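Beneath this line is the structure, given in structure tokens, with notes to follow.
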Amino acid sequence: MIRHISSYNTLKIGALCSLLLTGTAWADAPSDYANHCASCHGETRLGGVGPALIPETLKRMRGPRVALVIAEGRTATQMPAFSHELDALQIEELAGWLKSPLETNPEWGETEIMASRTLDEDYNPVDAPVWGSDPMNITLVVETGDHHVSVLDGNTFEVLDRFETPFAVHGGPKFSPDGRFVFIMSRDGWVQKYDIWALQQVGRIRAGVNSRNIAMSGDGKWVAVANYLPNSLTLLSTGDLSVAKVIDVKGKKGNPSRVSAVYQAPPRESFVLALKDVPEIWEVFYGDNPPQSGLGHDFRIEGQFKNPDPFPVRKITTPDYLDDFFFDQSYEYVMGASRDGNGGQVIDLVIGQKVADLDLPGMPHLGSGITWRHGDTTVMATPHLTDGTVSVIDMATWETVKRIKTEGPGFFMRSHENSPYVWADVFFGPNKDAMHVIDKQSLEIVKTLRPAPGKTVAHVEFTKDGRHALVSIWEDDGAVIVYDAQTLEEVRRLPMRKPSGKYNVWNKITFSEGTSH
Ligand code: DHE
């Protein structure tokens, strides 16, 4: 970190001196881009071999880091250092220009999406797994350090395969209902299909230019991709990754909107979307029997209900803009966080109206929420991104039961039906090396683990039986630590490159209450 700051200062001082010496001689960033960057990142900055270089992607690299990456390159990637070819001023200018918005919103419809699809010619489907482990106890580890996924045997913790992913995977990968295939999404909108039985990639397609997350339909036929850029929802066929439909996201009044997140609601045979720029929540139906009203059109033809659209959309107006959200176990209620990070609301999907407010200050991260039985009720708990608190909410009354004070703001929580504990990380601040273990009944922290002092320790996943908890040391020379989930003792440490999320096939396809959906 110290090295970063000092290098950046050197760059800035260099740029300043250059300016003083040359007056107003600004470098020509677009032509520097064309000469040095376009061959990998695309003439339109939308990506190629390298990631897209647009504000939507780059704003995650705050402060000096864009200029530094141009100057010094990125280790373990194909990104070279340009400090020998571009001077400090040129690098500063280029970094600034890359953070400016594109002049026009990119066209990324069905034609462009389909043109990006590649299906691997050497992919060989198999009738049974090519390995001998329990197929339901496979855990995938996303390693963001060098953009790979490790396929872990959940019994032996042996790595069965390690495959390359698109750049910057975000959100939970989604498994087919039988747990055989997994779909992985990158922030640049790539969706990768991988066959866990065959340990082979099946193909990839770029469903958006800047995307949020994906959801799998309950019947396993469709993957929905929530996009920021363009303002759309892409529906892909899971079989061959072809485009089933691209839905332009425009509210009831015609205003376009980014999609904050999409999740599936299996009993309703729908995808539910939160819109970032329009106070509406959408339901996109994929089943054979969508509701016969509330879709904005009357689809009765000669008295019979016939819907010509295979993916009809229902738009529900909400009192506030919603960001991320969480379902109750019946999928009737959506608990949404307000876009401004203060408070939330409960929307009843059946009647299409708000039924309660949530007392959730401090930017709750509802996508990480989990539920469990507490006494004679079910509670939901969520960490907060700007507050050292875990909020516990009674899902019958929507009242906050407890605010558990933690050592700093957290990102992720996990539990398992067979575990008496909830694990909650501290992701930000001086205590980012802490992992709290909370008793599900007393709602007290019973232990705080610090397996790697000074390093970020985050995100937990359980094995299928809940006996082991896997924790990431979220660093480039990091590891996944396997804990005995009862004794809280460390059992194994598996070296990994900046491991982030971990996903157990069984816990995911059975919608375990201890995991985010
Ligand atoms: Fe995430 C899941 C939103 C930043 C790592 N993150 C999610 C989900 C949402 C979300 C809506 C649930 C999607 C799903 O799983 O289908 N994340 C956001 C943000 O709005 C936020 C705060 C800002 C942003 O830039 O998007 C954000 N997220 C991050 C990060 O900075 C993290 C730590 C590192 C990274 O890789 O970008 C990060 N998010 C993750 C991970 C999951 C995730 C690992 C999946 C967790 C799981 O267990 O399912």
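Filtering segment 184-199 down to residues that are under 15 Å from SER150 (Cα atoms) and crowded, with 22+ Cβ neighbours inside 10 Å, which residue is nearest to the ligand (Cβ to nearest atom)?
ILE184
Among the residues of segment 66-86, which ones are in a helix (DSSP H, G or I), of a type outside the set (Asp, Glu) and over 19 Å from SER100 (Cβ atoms)? Give the derivation first.
From segment 66-86, those in a helix (DSSP H, G or I) are 66-72; that's our starting set.
Cutting the leftovers down to of a type outside the set (Asp, Glu) gives us 66-71.
Selection gives ALA71 alone.
Please go through segment 465-503 and pick out each residue that is within 16 Å of the ligand (Cβ to nearest atom), among the charged types (D, E, K, R) and touching a strand residue (DSSP E or B) at 6+ places or on another chain (Cβ under 7 Å).
Result: ARG497, LYS498, LYS502.
Looking only at strands (runs of 3 or more DSSP E) that fall completely inside segment 318-430, which ones have 1 or more residues that are within 14 Å of the ligand (Cβ to nearest atom) and in contact with a helix residue (DSSP H, G or I) (Cβ under 7 Å, 6 or more places away or on another chain)?
Because the criterion is at least 1 residues that are within 14 Å of the ligand (Cβ to nearest atom) and in contact with a helix residue (DSSP H, G or I) (Cβ under 7 Å, 6 or more places away or on another chain), the strands (runs of 3 or more DSSP E) in segment 318-430 that meet it are 322-327, 333-338, 377-383.
Can you list the helices (runs of 4 or more DSSP H) lying wholly within segment 1-62 that have 2 or more residues being modelled with pLDDT under 85?
Correct list: 2-22, 55-58.
Residue under question is PHE157, and the condition is that it be aromatic (Phe, Trp, Tyr) and within 14 Å of the ligand (Cβ to nearest atom); does it hold?
no
Within segment 431-461, work out how many residues are hydrophobic (A, V, I, L, M, F, W, C) and either part of a loop (DSSP other than H, G, I, E, B) or within 19 Å of the chain's Cα centre (by Cα) (or both).
The qualifying residues number 6.
Looking for whichever is over 21 Å from HIS148 (Cβ atoms), under 20 Å from the mean Cα position of the chain (by Cα) and either of a type in the set (Lys, Arg) or away from the ligand (no atom under 16 Å from the Cβ) (or both) here; the options are GLY208, GLY220. Which one fits?
Only one candidate passes the filter, namely GLY220.
Only residues that are within 14 Å of the ligand (Cβ to nearest atom), in a strand (DSSP E or B) and farther than 21 Å from GLY369 by Cα: list them for segment 166-183, please.
VAL182, PHE183
So ASP219 clears everything in (1) assigned by TED's automatic domain parsing to the domain that holds THR238; (2) in contact with a strand residue (DSSP E or B) (Cβ under 8 Å, 6 or more places away or on another chain) except one condition, right? Which one?
Condition not satisfied by ASP219: (2).
Looking at segment 163-179 only, could you name the residues that are more than 20 Å from ASN507 (Cβ to Cβ) and basic (Lys, Arg)?
Residues of segment 163-179 more than 20 Å from ASN507 (Cβ to Cβ): 163-168.
Of everything in segment 163-179, nothing turns out to be more than 20 Å from ASN507 (Cβ to Cβ) and basic (Lys, Arg).
Please work out which residue is surrounded by the fewest Cβ atoms within 10 Å (Cβ to Cβ), limiting yourself to segment 122-139 and to residues that are over 18 Å from GLY203 (Cα atoms) and hydrophobic (A, V, I, L, M, F, W, C).
Residues of segment 122-139 that are over 18 Å from GLY203 (Cα atoms), as a first pass: 127-139.
Next, only the ones that are hydrophobic (A, V, I, L, M, F, W, C) stay: 128, 130-131, 136, 138.
Working: ALA128: 9, VAL130: 14, TRP131: 16, MET136: 15, ILE138: 25.
The qualifying residue surrounded by the fewest Cβ atoms within 10 Å (Cβ to Cβ) is ALA128.
Look through segment 238-266, keep the residues that are of a type in the set (Gly, Ala, Ser) and in a loop (DSSP other than H, G, I, E, B), and return whichever of them is farthest from ARG314 (Cα to Cα).
Result: GLY239.
Within segment 374-389, identify whether any single residue is surrounded by fewer than 21 Cβ atoms within 10 Å (Cβ to Cβ), touching a residue at least 40 places away in the same chain (Cβ under 8 Å), farther than 18 Å from GLY343 by Cα and touching a strand residue (DSSP E or B) at 6+ places or on another chain (Cβ under 9 Å), and answer yes or no.
Among the residues of segment 374-389, at least one is surrounded by fewer than 21 Cβ atoms within 10 Å (Cβ to Cβ), touching a residue at least 40 places away in the same chain (Cβ under 8 Å), farther than 18 Å from GLY343 by Cα and touching a strand residue (DSSP E or B) at 6+ places or on another chain (Cβ under 9 Å), which makes the answer yes.
Considering only residues that are away from the ligand (no atom under 16 Å from the Cβ) and either within 23 Å of the chain's Cα centre (by Cα) or among the β-branched types (Val, Ile, Thr) (or both), which ones fall in segment 251-266?
As a first pass, look at segment 251-266 and keep what is away from the ligand (no atom under 16 Å from the Cβ): 251-256.
Scanning segment 251-266 gives a single hit, PRO256.
Residue by residue through segment 139-154, note down the ones that are in a strand (DSSP E or B), within 14 Å of the ligand (Cβ to nearest atom) and in contact (Cβ under 8 Å) with a residue 60 or more places away in the chain.
Residues satisfying the conditions are THR139, LEU140, VAL141, VAL142, GLU143, HIS148.
Identify, by number, the condition in (1) outside any loop (DSSP other than H, G, I, E, B); (2) in contact (Cβ under 8 Å) with a residue 60 or more places away in the chain; (3) of a type in the set (Val, Ile, Thr); (4) more than 18 Å from ARG492 (Cα to Cα) that VAL126 doesn't meet.
Only one criterion in (1) outside any loop (DSSP other than H, G, I, E, B); (2) in contact (Cβ under 8 Å) with a residue 60 or more places away in the chain; (3) of a type in the set (Val, Ile, Thr); (4) more than 18 Å from ARG492 (Cα to Cα) is unmet by VAL126, namely (1).
For segment 489-517, enumerate the residues that are of a type outside the set (Phe, Trp, Tyr) and more than 18 Å from the chain's Cα centre (by Cα). Don't jump to the end; show me each part of the working.
The initial filter retains those residues of segment 489-517 that are of a type outside the set (Phe, Trp, Tyr), namely 489-502, 504-505, 507-510, 512-517.
GLU489, GLU490, VAL491, ARG492, ARG493, LEU494, PRO495, MET496, ARG497, THR510, SER512, GLU513, listed by residue number.
Of all residues in segment 390-406 being closer than 19 Å to VAL437 by Cα and of a type outside the set (A, V, I, L, M, F, W, C), which is surrounded by the fewest Cβ atoms within 10 Å (Cβ to Cβ)?
Checked segment 390-406; the qualifying residue surrounded by the fewest Cβ atoms within 10 Å (Cβ to Cβ) is LYS405.
Do the conditions hold for LEU470, that is, is it at pLDDT below 95, buried (at least 23 other Cβ atoms within 10 Å of the Cβ) and more than 18 Å from the chain's Cα centre (by Cα)?
For LEU470, the condition - at pLDDT below 95, buried (at least 23 other Cβ atoms within 10 Å of the Cβ) and more than 18 Å from the chain's Cα centre (by Cα) - is not met.
The values are calculated or read from the model by the stated rules, or taken from the named source; none is laboratory data. All values reported here derive from a predicted model rather than from experimental measurement. Note that we place each Cβ from the backbone using ideal geometry, even for glycine, and neighbour counts take in every protein chain shown.
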